[in-house]
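Below is one structure, written out as structure tokens, with a few remarks after it.
Coordinate-derived values only; no laboratory data. Just so it is clear, the structure is predicted and the values come from calculations on it, not from any experiment. Neighbour counts are summed over all protein chains in view; Cβ atoms, including those assigned to glycine, are modelled from backbone coordinates with ideal geometry.
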Amino acid sequence: MSREQQAVAGARRAFQTGRSRCLEHRVRQLKNLQRLLTECRGDIAGAMKKDLRKSEVVVQMYETLGLEEEIALAVRKLKEWAAPRPVEKNLLTVSDAVYVQAEPLGVVLIIGAWNYPWAVTLQPLIGAIAAGNAAVIKPSEVCVHTAKLMDELLPLYLDTELYPVVTGGVPETQELLRQRFDHIFYTGSGAVGKLIMAAAAQHLTPVTLELGGKSPCYIDSDCDIAVACRRVAWGKFTNCGQTCIAPDYVLCQPAAQQRLIQELHKAIKEFYTDDPKTCPDYGRIINRRHFRRIVSMMEDSTVAVGGDNDEEDCFIAPTVLRDVKPDAKVMQEEIFGPLLPIVTVDGLDEAIRFINRGEKPLALYVFSHDAKVIQKMREETSSGGLLANDCLVHYSVNSLPFGGVGNSGMGCYHGKHTFDRLSHLRACLIKTLKMEGMNNMRYPPHTAGKLGWARFFVLKNLNLGWIGRLLLLAAVAVLAAVVIQKYQLLRQLDR
Amino acid sequence: MSNPPSPSPANWFKSLRRTRLGEPCLKTYPLQYEEQLKRARVSFQARRSIKENFRLAQLEAVLRMLEEHECDFVDALGRDLHKPRFETVVSELIPVKNEALHAISNLKKWMQPQQVERNLSTTLDECLVVNEPLGVVFIMGTWCSPVQMCLVPLVGAIAAGNCAIISPSVCTAHTAALLQRLIPSYLDNECFHVILAGTNDLADIVELKFDHVFFSGTREEGSRIAQAAAQCLTPITLVLGGKNPCYVDQHCDITITAQRIAWARFHNSGQSLVAPDYILCHSDVKTRLVQALKCCLMRFYGSDPRESSSFCRMVNLDIFNRTKDLLWRSGKVVLGGQVTEAEKYIAPTILTEVDESDPIMQQDLFGPVLPVLSVNNVDETIAFINKQEKPLCVYVYSNNSKVISRVMSETSSGSFCSNDSTLQSLIVTLPFGGVGASGIGAYHGRYSFDTFSHRKSCLLRSTHLECVTSLRYPPYDDRNLSLITWGSSLSWKSQGWCHIL
């Protein structure tokens, strides 16, 4: 038996004992995870610095803070989420219990990504634990030090049988995908997403795929350009552009381009100084393969800001490209790097047409003071999420479902959505063996009379809520009549 | 800086591609369906199906179609399955009508963006979830409920604002032809198309790329569809067959239990995704249950069910032969067992002395055969059920609520019903779908609307209060982080009053 097979078999055996279902167990594991994040802050930051040149502050702000919020939410709301959810009844089920019960799925496979390894690997894990599942965690091997740290730390805080960590590269992941899971949660590229979905299809395993795409950013002429550019620069150059929801490219009118470039330049200087290479807050590209991929994208476009790079250090300066053509290299695939192309369009309509020619992106950004512009963009385009007048922050609102559509992914998570996604919502109808008289109309031999009754009772032409209100009204009317009558009687007696 | 190995997607492709020996290199896609898909896509891009009025008009047209052509549906299903009028109306037409009525009365509410709870940093912003149509959906029906399994998902797709291609099962040829004839007369011809595709072509059609695919049928077919959908990252809903267990406890009213089970099992001549497939009967009451079932069947269908107008036939010879084969090679026949090939008739049959390894317990059953197995207690029942794949439904008949509770919490299935069968799939407010090998996703009522929608998160901010926002910009220092952390902890501790704000 391979190591991967053993981990999955062990997780399944542990799940079948039923201990992951118990609410106290789930809360305990979540609180242990919280302790991991608090106690190992230093180690986590150290590993991230080696992998992506991220500072401790950045790691906390963008990775662990969000996780701590999710854990706190899950611990607080777990009882409510796991309770039966009653539904509206019909005339035939008035005396029955009708509800939806959230149940664990079984063993979930979580395949993490390298750009925000803690956030993207642990957030689904929080939901998996909260939903009562076992989970096999496969951190991305690309962020070497963080994967190694996860492999060391998670077994120290979590139940090792229920939540094993499996590290490794392509062969190990292939071996994992040959095993059977009850759900596979993957964050990464579309190309690999297809392979994962195909492997899952062999076992009829449902998947959640958090993929990417080219997230457009439309900057209207009617907006505060200075603030917009700061926010776009922040959204773009955080983590060196290696964010699935980073604004990929900007659409603006030709007249606004020069001002935009100036403001972006100003923002870049403010954030990362005149020499981003020496700035501790500016990251690096994860590896040389990605470095080369990104640098080659600049080839057929004009650099307006930045452009310098150093392969030895995997450094690419925050770069803005101007007058970019739709068929330029940089517009052919998701950039996932610190290049911000500006494509000029004549106005909102052309921008919408441009966006709709491409695949549905994970995020769409629109900067404008005009609510009508925002509404039009919202109604006439489709994307995983839409954010007006800012970048990235919709990720941190855990009541908003986060996920893609079309090529940018399927399924959503964050907060309660993760819990629901990694649960089976089972329909339950609890009847008794009484009131059999009602059922006689459905039994053969079938007659026209029985059909008539069945039409009446089964066809949903009565709104129980409405009937309830009518009955209440009738009751109130009767009560009023009685009171008035009594009052009149009293008056008569007085006389 | 060390250079870690960097696996490229190209490596993935090479290593995970499976070589399929013996298959022809060229796929011949069914080109005639591409045209219809193109027309549907153009209509969707022109935003034809999106307006509320359009959706309501189409839903009302579905209702009218079922009202005005009830006789045609009864006739078509009569020819395909020898289905009695009662069954056609009550289990095929009425469920679709209920779904359409439910969608019509709730559409406005469903289409409204939902406000969601905000956190401290988004207190002054608008946080919404907007329901958007997906695009063009592909709905593949199954033959055991040919009208319902096509039109109920269609109602959901229409309500959600999509265009659709519908492929009714060609096994029920008359019903498929009827739908192909009627739908263009009632629904918008550019947005909705009916195709008649063979089961083997369906996976190829899925690869033409849709925005969602809905399939009901067997597990093998479902897996092929899922693999085809994976090629284009198309989300899927699968409602698949399996073996639905039914536990009969020693503490229950045997007569009523037998009645309810017999109705559910022999309805549509056992050709159902949701009927109880086998009974696990407590050994104390087994004899009485079998006797009660026999009496029931006599009452329902008379001494010769072949003469009864209430009893259906097998859909085709393939299913007939398969069912006949399974029943003759398993257990002992205590009632029925007669077959007439010319009519594709199999009598309502009860088997006892069935072993777990018998063919009838190993393969999916579509026919009027009910194996009754003996168990000694609830533990044995639960262990037996959990050894099999997760089914679409689990049924329990008992007066003891603890028994019901135990079976429910210690097993898993798409849905669960105690003291009756099938009904949970007819309640429009409950999700209907499978789990594990019995399927992916759910539909019915609001769940259909959600299945065929994309829930888009929208966060609408303004460019004011930049002083607060600027806390997050570099250069990073610990002071900024402390402020953000404080704000975050305040936010999750006081989620209650933030909501009021």
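With a Förster radius of 35 Å, plug the Cβ-Cβ distance of A:N356 and A:W453 into 1/(1 + (r/R0)^6) and report the FRET value to the nearest 0.05. Intermediate results must be reported in sequence, preceding the final value.
Details: r = 52 Å, r/R0 = 1.49.
Step by step, r from the Cβ atoms, then E = 0.10.
Other chains near A:92-99: what is the mean number of their Cβ atoms within 10 Å of each residue's Cβ? That average works out to 3.
Put simply, the convex hull of the Cα atoms in the stretch B:281-350 casts, on average, a shadow of 5.1 nm². Between amide H atoms placed 1.01 Å from N, distances below 5 Å from A:T302 occur with A:R322, all of them 5 or more places distant or on a separate chain. Residue-wise HN-Hα couplings along the stretch A:242-248, as the Karplus relation 6.51 cos²θ - 1.76 cosθ + 1.60 with θ = phi - 60° gives them from phi, are 8, 10, 5, 10, 5, x, 6 Hz; Gly and Pro carry x. Taking only the C-alpha atoms of the protein assembly as shown, the Rg (one decimal) and the largest Cα-Cα distance, Dmax (whole number), read 30.3, 108 Å. The sum of -39500 (n - 2.57) across all DSSP H runs of n ≥ 4, divided by the residue count of chain B, sets its helix-only mean residue ellipticity at 222 nm to -13000 deg cm²/dmol.
Looking at the stretch B:85-230 alone, DSSP beta bridges between its own residues are antiparallel in about 15 percent of cases. Neighbours of A:V393, meaning other residues whose beta-carbon lies under 11 angstrom from its beta-carbon, give a summed charge of +1 when Lys and Arg score +1 and Asp and Glu score -1.
Candidate cross-link partners of A:K269 among the lysines, defined by an alpha-carbon separation under 18 Å and a same-chain spacing of 8 or more, comprise A:K236, A:K277. Charge dipole (Cα centre; +1 on Lys/Arg Cβ, -1 on Asp/Glu Cβ; no other charges) of the protein assembly as shown amounts to roughly 1900 debye. Across the stretch A:427-435, rounded Karplus estimates of 3J(HN,Hα) from the backbone phi angles (6.51 cos²θ - 1.76 cosθ + 1.60, θ = phi - 60°) give 7, 10, 10, 10, 10, 10, 8, 8, 6 Hz, Gly and Pro being marked x. Within the same chain, lysines fewer than 8 places from B:K209 are excluded, and of the rest, those with a Cα less than 29 Å from its Cα are A:K194, A:K214, A:K325, A:K329, A:K360, A:K376, B:K14, B:K27, B:K38, B:K51, B:K456.
Quick one: which of A:423-436, A:368-381 comes out on top by average Cβ neighbours within 10 Å, and what's the full order, highest first? Present the calculation step by step, with values, prior to reporting the outcome.
Numbers: A:423-436: 20.3, A:368-381: 17.1.
Highest mean packing first, the order is A:423-436, A:368-381.
Against chain A, whose longest principal axis comes from its Cα atoms, helix A:144-157 is set at around 40 degrees. Counting, for every residue in A:266-275, the Cβ atoms of other protein chains within 10 Å of its Cβ and taking the mean gives 1. Report note on the peptides B:342-352, B:257-267: ranked by the mean count of other C-beta atoms within 10 Å, highest first, their order is B:257-267, B:342-352. The mean count of C-beta atoms from other chains within 10 Å of the C-beta of residues in A:47-59, rounded to a whole number, is 2. Relative to the longest principal axis of the Cα atoms of chain A, the long axis of helix A:117-130 makes an angle of roughly 10 degrees.
Name the residues of the stretch B:250-278 whose amide N is less than 19 Å from a point 7 angstrom out from the Cα of B:E343 along the C-beta direction? What the label zone holds, given the 19 Å backbone N cut-off, is B:266-271. Span-like helix check, chain B: qualifying full DSSP H segments, with Cα axial length of 15 Å or more and mean Kyte-Doolittle of 1.6 or more, are B:148-159. Between B:D325 and B:A46, the distance separating the two model label sites (each 7 Å from Cα on the Cα→Cβ line) works out to 5.0 nm. In summary, the lysines within cross-link reach of B:K324, defined as a Cα separation below 27 angstrom excluding same-chain residues under 8 places away, comprise B:K83, B:K243, B:K286, B:K294, B:K332, B:K344, B:K387, B:K390.
Here the 3J(HN,Hα) profile of the stretch A:227-236, calculated from phi with Karplus coefficients 6.51, -1.76 and 1.60 at θ = phi - 60°, is 5, 4, 5, 4, 5, 5, 4, 4, x, 6 Hz, Gly and Pro shown as x. Placing dummy labels 7 Å off each Cα toward the beta-carbon, the span from A:A475 to A:D310 is 7.9 nm. Other residues lying with their Cβ under 11 Å from the Cβ of A:T432 contribute a combined charge of -2, Lys and Arg counting +1, Asp and Glu -1.
Could you work out [θ]222 nm for chain A from helices alone, using -39500 (n - 2.57) per DSSP H run of at least four and dividing by all its residues? Round to the nearest 500 deg cm²/dmol. Don't skip to the answer; put the middle values down first.
Numbers: 18 runs with 229 residues, N = 495.
The helix-only estimate for chain A comes to -14500 deg cm²/dmol at 222 nm.
Taking amide H atoms as placed 1.01 Å from N in the peptide plane, the amide H of B:Y247 lies under 5 Å from those of B:L280, B:Y395, B:V396, B:Y397, each 5 or more residues away in sequence or on another chain. Any idea what angle helix A:464-494 forms with the longest principal axis of chain A, computed on alpha-carbon atoms, 0 to 90 degrees, nearest 10? Roughly 50 degrees between the two axes. The base-10 log of I(q)/I(0) for the stretch A:115-162, evaluated at q = 0.13, 0.31 Å⁻¹, reads -0.28, -1.31 [Debye formula, identical scatterers on Cα atoms, solvent excluded].
Here the stretch B:245-412 is described by how far its Cα atoms reach on the three principal axes: 48, 30, 24 Å, from widest to narrowest.
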